[in-house]
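In what follows, a single structure is set out as structure tokens and then discussed.
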Amino acid sequence: MANPSVIQGKMLINGQLVDSVSGDTFESTNPATEELIGIVPKATVDDVAIATDAAKAAQREWAKTDMGHRIKVLTRFAAALEARTDEIADLEVRDTGNTIKPMRQDVITAADRIRLYAGLGYELKGETIPATSSGLHITVREPYGVVGRIIPFNHPIGFAASRLAPALVAGNSILIKPPEQSPLSACILAELCQEYFPPGLVNILTGEGATGDAIVRHPDIKRIAFIGSVPTGMRIQHSAAEVGVKSVSLELGGKNPLIACPDADPDVVATAAVRGMNFAWQGQSCGSTSRILLHESLHDAVVERMVAKLKALKIGNPLDPNIDMGPMNSKRQYERVMSLIAAAKAEGAQCLVGGGRPQGAGFEKGYWVEPTLFSGVNTSMGIAQTEVFGPVVSIFKWSNIGEAIEMANAIEYGLTASIFTHDFETAMHLSRAVNVGYVWINGTNTHFRNVPYGGFKNSGIGREEGLDELLSYTELKAINWTPGVSSAAGSAWRQSND
Ligand code: NAP
């Protein structure tokens, strides 16, 4: 008999909460305890085909709706999502290992983003172009049709719930593929979407990499929006190109520099460096400030403060609101982080804090890694080049600004940078010189509303979180009208054949 405390998840396809066609399932465990907490369907290419057909039919009707209607539907959905914040956050913590406060915030932020996109709906404007004096030359924005959305494990509900909004506002339908390691919040999302959207408009397919691949390769899905790692992003570009010409946006990894100039306050820099690491979800964040580039005059003072702050972080049950850090998301992630820490030590980086698994009661099971600080890191080391996606920070020392810029850019990633200085000209000089898509001056971590987020270099293509994301779900069509060739008969014919 099924264990009643284990969630039996369902997918959402064509408005129905269903199992996969094959009947195959996979398990999800709590990374803090390694206990089984859920069993969900494993969608295959057959489920993707059924969902895509349903999404095509739903999209044809949805595209005929007025913007006011879409705004109303999405606004109601945002309220319903927010009303279930505690229940969703609790499950998300048990499924991801992330701590409770940011997981509550993820649901609230997702609802806020949905409302933001609903509010931006009327910005889906075209232009009037004076190409001829007698004709009319306009552009309009058309939806792609069916959008495929693939989600990583660090913020499953935050990404899945908020990112469906711009696709729908623009008149598309959507297939969402949640992460395999943490799929359970998507099952609550499926229930909500069933209640608030027409059948087929939003389809949620739990599964593995092959499920995502089936979405990418479906010939009728012309727009793929991906958040995840660089290797998977590269694979997706390749797979999509094998099938046809598709619009693929990629929000990928980061190895982000925090540059502290001589005039910065060491207390402020140390606090920001720790905050920027997102220890509340174990450093598993694309935007984490994992490379701290300190001017030599500040180096010792900042390092001393960071050591104290990292040692003071409380690791433990992520459902406890007084805890600062939980376990890594999965065994795979735990083993990866541990092997990168071992490699850094072998390369000669000096481990000042952590570097292992916490000991004692409560840590016998689960995927725990201590907050870890390395100093004496140089750009040729593996730890300086590879995204750890874990609670590991590296300290670098520089003596002139050219060296700082070179260090910041000596990497294949280009997602974010943080700059600490009181001098406006230095801040602007550094902001322009770093090859990244998002810069904080005297700050870290905050994603400001409606400000576009995304990466240069291998960190991605395209921008999310602002108007650019909304527009990216549309294709621009130019319409050129020549006067004097329409007739009443033509108009009548069109109306009777529409
Ligand atoms: P991942 O391994 O690349 O997986 C991301 C998603 O892609 C998962 O749903 C995964 O399914 C799916 N997938 C795997 N192989 C696929 C394929 N061949 N075709 C289509 N989909 C496929 O990334 P992750 O480990 O979940 O997430 C961590 C990465 O995400 C980090 O690099 C992080 O920096 C990045 N990230 C970037 C941003 C940003 O905004 N730039 C935000 C958050 C995270 P399975 O789960 O079943 O493997």
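From the list 353, 377, 392, pick out the single residue that is within 16 Å of the ligand (Cβ to nearest atom) and either more than 28 Å from the chain's Cα centre (by Cα) or modelled with pLDDT of 95 or more (or both).
One residue alone meets the criteria, 392.
Is it the case that residue 51 is under 21 Å from residue 18 (Cβ atoms), modelled with pLDDT of 95 or more and not assigned by TED's automatic domain parsing to the domain that holds residue 334?
Answer is yes for this residue.
Checking the conditions here, which among 213, 220 is among the acidic types (Asp, Glu), surrounded by 19 or more Cβ atoms within 10 Å (Cβ to Cβ) and either near the ligand (Cβ under 10 Å from one of its atoms) or modelled with pLDDT of 95 or more (or both)?
On inspection, the qualifying residue turns out to be 213.
Considering the range 283-306 alone, what residues qualify as being assigned to a loop (DSSP other than H, G, I, E, B) and either within 12 Å of the ligand (Cβ to nearest atom) or in contact with a Phe, Trp or Tyr (Cβ under 7 Å, 6 or more places away or on another chain) (or both)?
Passing the criteria: 283, 284, 285, 286, 287, 288, 290.
Name the one entry in 347, 335, 364 that is within 16 Å of the ligand (Cβ to nearest atom) and acidic (Asp, Glu).
Exactly one residue qualifies, and that residue is 335.
Of all residues in the range 448-462, how many are in contact (Cβ under 8 Å) with a residue 40 or more places away in the chain and closer than 19 Å to residue 112 by Cβ?
Matching residues across the range 448-462 total 3.
Results for (1) closer than 28 Å to residue 247 by Cα; (2) assigned by TED's automatic domain parsing to the domain that holds residue 121, shown as yes or no for each residue.
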{"residue": "427", "(1), (2)": "no, no"}
{"residue": "431", "(1), (2)": "no, no"}
{"residue": "434", "(1), (2)": "yes, no"}
{"residue": "437", "(1), (2)": "yes, no"}
{"residue": "452", "(1), (2)": "yes, no"}
{"residue": "463", "(1), (2)": "yes, yes"}
{"residue": "466", "(1), (2)": "yes, yes"}
{"residue": "469", "(1), (2)": "yes, yes"}
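Starting from residues that are of a type in the set (A, V, I, L, M, F, W, C) and over 24 Å from the mean Cα position of the chain (by Cα), keep the ones in the range 262-279 and report whichever is surrounded by the fewest Cβ atoms within 10 Å (Cβ to Cβ).
Ranking the qualifying residues of the range 262-279, first place goes to 268.
What number goes with the only condition from (1) within 16 Å of the ligand (Cβ to nearest atom); (2) buried (at least 24 other Cβ atoms within 10 Å of the Cβ) that residue 259 does not pass?
Every listed condition holds for residue 259 apart from (1).
Select from the range 100-130 the residues that are free of Cβ contacts under 8 Å to residues at least 12 places away in the same chain and of a type in the set (Ser, Thr, Tyr) and list them in ascending order.
128
Please specify each residue of the range 121-130 satisfying the condition of being assigned to a loop (DSSP other than H, G, I, E, B) and among the small types (Gly, Ala, Ser).
126
Give just the number: which of (1) crowded, with 17+ Cβ neighbours inside 10 Å; (2) touching a helix residue (DSSP H, G or I) at 6+ places or on another chain (Cβ under 9 Å) does residue 414 not satisfy?
Result: residue 414 fails condition (2) only.
Can you find, within the range 358-395, the residue that is nearest to residue 35 (Cα to Cα) among those that are crowded, with 22+ Cβ neighbours inside 10 Å and small (Gly, Ala, Ser)?
Of everything passing the filter in the range 358-395, 366 is nearest to residue 35 (Cα to Cα).
Where residues in the range 225-255 are of a type in the set (D, E, K, R) and within 6 Å of the ligand (Cβ to nearest atom), which of them is farthest from residue 212 (Cα to Cα)?
Within the range 225-255, the match that is farthest from residue 212 (Cα to Cα) is 251.
Looking at the range 443-474 only, could you name the residues that are surrounded by 17 or more Cβ atoms within 10 Å (Cβ to Cβ), of a type in the set (Ser, Thr, Tyr) and not in a helix (DSSP H, G or I)?
Matches in the range 443-474: 444, 453, 459, 473, 474.
Of all residues in the range 186-210, count the ones that are surrounded by 24 or more Cβ atoms within 10 Å (Cβ to Cβ) and near the ligand (Cβ under 8 Å from one of its atoms).
1
Return a yes/no flag: does the range 95-108 have any residue that is more than 16 Å from the ligand (Cβ to nearest atom) and buried (at least 23 other Cβ atoms within 10 Å of the Cβ).
Taking every residue of the range 95-108 in turn, at least one turns out to be more than 16 Å from the ligand (Cβ to nearest atom) and buried (at least 23 other Cβ atoms within 10 Å of the Cβ).
Do you know which of the residues in the range 132-185 that are over 14 Å from the mean Cα position of the chain (by Cα) and among the charged types (D, E, K, R) is farthest from the ligand (Cβ to nearest atom)?
Selected residue: 142.
Residues 326, 316, 354: which one is of a type in the set (Gly, Ala, Ser), without any contact (Cβ under 8 Å) to a residue 60 or more places away in the chain and closer than 23 Å to residue 89 by Cβ?
316
So is residue 61 closer than 27 Å to residue 368 by Cα and surrounded by fewer than 16 Cβ atoms within 10 Å (Cβ to Cβ) or not?
When the stated conditions are applied, residue 61 does not pass them.
Just need a number here: residues in the range 431-442 that are touching a Phe, Trp or Tyr at 6+ places or on another chain (Cβ under 7 Å) and outside any loop (DSSP other than H, G, I, E, B).
Residues meeting the conditions: 1.
Take the residues of the range 262-282 that are under 20 Å from residue 403 (Cα atoms) and not in a helix (DSSP H, G or I): which is nearest to the ligand (Cβ to nearest atom)?
Here the residue is 264.
Could you please let me know if residue 46 is in contact with a Ser or Thr (Cβ under 8 Å, 6 or more places away or on another chain) and either without any contact (Cβ under 8 Å) to a residue 60 or more places away in the chain or among the polar types (S, T, N, Q) (or both)?
Yes: the conditions hold for residue 46.
Would you point out which residue out of 90, 19 is touching a Ser or Thr at 6+ places or on another chain (Cβ under 8 Å) and not hydrophobic (A, V, I, L, M, F, W, C)?
Step by step, each of 90, 19 is checked, and only 19 is touching a Ser or Thr at 6+ places or on another chain (Cβ under 8 Å) and not hydrophobic (A, V, I, L, M, F, W, C).
The values are calculated or read from the model by the stated rules, or taken from the named source; none is laboratory data. Model, not experiment: these values are computed from the prediction. Reconstructed Cβ throughout: ideal geometry from the backbone, glycine too, with neighbour counts over all protein chains shown.
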